[in-house]
Amino acid sequence: MSKLDVAKEDRSWGMATGTEAGLLESPKPQSVYKHGILEQYVIRFATMTASKLTPKRAVLFDGFAGRGRFDTGEAGSAERMMLAAQKAKNSTRIDLFLVERNREDFVSLDKVADEYRNRGIHVDSRNGDCGQHLDEVRQLAVGASLFVFLDPCGAGLPMDSIRNVLLKRGSWPRTEVLLNFNADLIRRAGGQLKKGQLDLGGVAKADSVCGGEWWRDVALQAHEASGGTSWEAAADAVAHEYARRLAAGTKYGSVVAPVRRQIRHQPVYYLIFLTQAPHGFWVFGAAAAKAREEWIDCLGPDPDEREGMLWDTVADQFEREHDSAIRHITDNLRSLVSDGQPKAVVEHVQEVYGDLYGEAKETAFSAALRALVKSGEIEFATKGAKPHQHVIRKATG
């Protein structure tokens, strides 16, 4: 991360605002990735989960909505949700609830919201703290499916606030959560903890976000186990334990996807996704992989790969990654069916994609499975119309 980004996150510790808040002239690569996910996933979530409701209605909640639109005129995360509501309005009613704490950014957001209100889209906008409006959001979403998007710059909501939403919503209508878990906060706080610098604020903020001091031992143990030279392993361990604790005692499962500037760089943050439906995990992973391609295309080819090559394009990088993903998923599929039992792949998304969840595209899975079937290692118990509908097993012939 640049020094500018670090300074920005330091300031945000006292007042969490959206990652698009502030004087942003155009989307940064991280926003390109996030926007890709919203475009790929949100409208599918809303229309699919609302299809069995009467009326067919979904609510999209952006708790750190920022300004809504960049100075270039490009849509920010909040406007992407408004656009989704506009696109789906003939089949599904999508209502929006947007919160932004910074007053100047909220004024900008509200002007954008007015444009969509004038087009018949229901948009509630609030200037204030995200956590203070959660009850209001739940009331709006009674009888509707709910997508909760939490993308703060710096520290996010305390864990208990998010768990409270999950516990009070129940299992139907569907609720899903996508949140940004700040890796830099954990790395920074871990360093302060190790040095005994408890007065600098990072440790206390991490305590608040994580809902207690449990993360301290997790971070220190992972840091020491990795050789004590960096805090990357600590951030990764804490993010996964955070997701586990967030879903514990609920019917939700979680996945954690690291977001990096380049393949081998430390994650800038982790996207933690929670759903009760196996299909949610599969479709979200596919959406994230497509969004990642847009993100990498924005960044350009990985400078750490093929150093010194005269011609090294994004397309070359995608081809190398795709080939690597096929090999990775091939090994995973062999392991998945090794017990001889039929496996519905949609119920084993993490076993299928492994560390490449949210990075490898669905086409890599299809290519790996096709080759294994052709070689006679795997067979279809049920061949679905779509990749996630396949039921596979170890070939018996």
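Using alpha-carbon positions, what is the distance between the centroids of region 122-141 and region 176-219, in Å? Cα centroid of region 122-141 versus Cα centroid of region 176-219: 27 Å apart.
Rounded to the nearest 20 debye, what is the charge dipole size of region 38-162 about its Cα centre when +1 sits on each Lys and Arg Cβ and -1 on each Asp and Glu Cβ?
Computed about the Cα centre, the dipole is about 700 debye.
Inverting the pair-averaged 1/r between distinct Cα atoms of region 178-253 gives 12.5 Å as its Kirkwood hydrodynamic radius. Checked against a 26 Å cut-off, the cross-linked pairs K52/K87; K251/K343; K34/K343; K251/K394; K89/K111; K52/K168 give Cα-Cα distances beyond that limit for K34/K343; K251/K394.
With N the number of residues in region 39-190, Rg(Cα) / (2.2 N^0.38 Å) evaluates to 1.02. Here region 307-397 is treated as an ellipsoid with the same Cα gyration tensor; its semi-axes, largest first and in whole Å, are 28, 13, 11. Measuring with a 1.4 angstrom probe and ignoring ligands and nucleic acids, K89 comes out at about 100 Å² accessible. Excluding ligands, DNA and RNA, the accessible surface per residue across the chain is 44 Å² with a 1.4 Å probe. Per-atom-type breakdown for the chain gives carbon and sulfur 49% of the accessible area (1.4 Å probe, protein chains only). When every Cα-Cα distance of the chain is counted in 10 angstrom steps from zero, the calculated P(r) takes the values 5, 21, 31, 27, 13, 3, 0 percent. Taking a span of 27 Å or more along the helix axis (Cα atoms) and a mean Kyte-Doolittle hydropathy of at least 0.0 as the rule, the DSSP H helices of the chain that qualify are 278-299.
The values are calculated or read from the model by the stated rules, or taken from the named source; none is laboratory data. Since the model is a prediction, treat every value here as computed from it, not as a measurement. Every residue, glycine among them, receives a Cβ derived from its backbone with ideal geometry; neighbour counts consider all protein chains shown. Note: accessible area is taken over every heavy atom of the protein model, side chains too, but ligands, DNA and RNA are not part of it. Shrake-Rupley method; radii C 1.70, N 1.55, O 1.52, S 1.80 Å.
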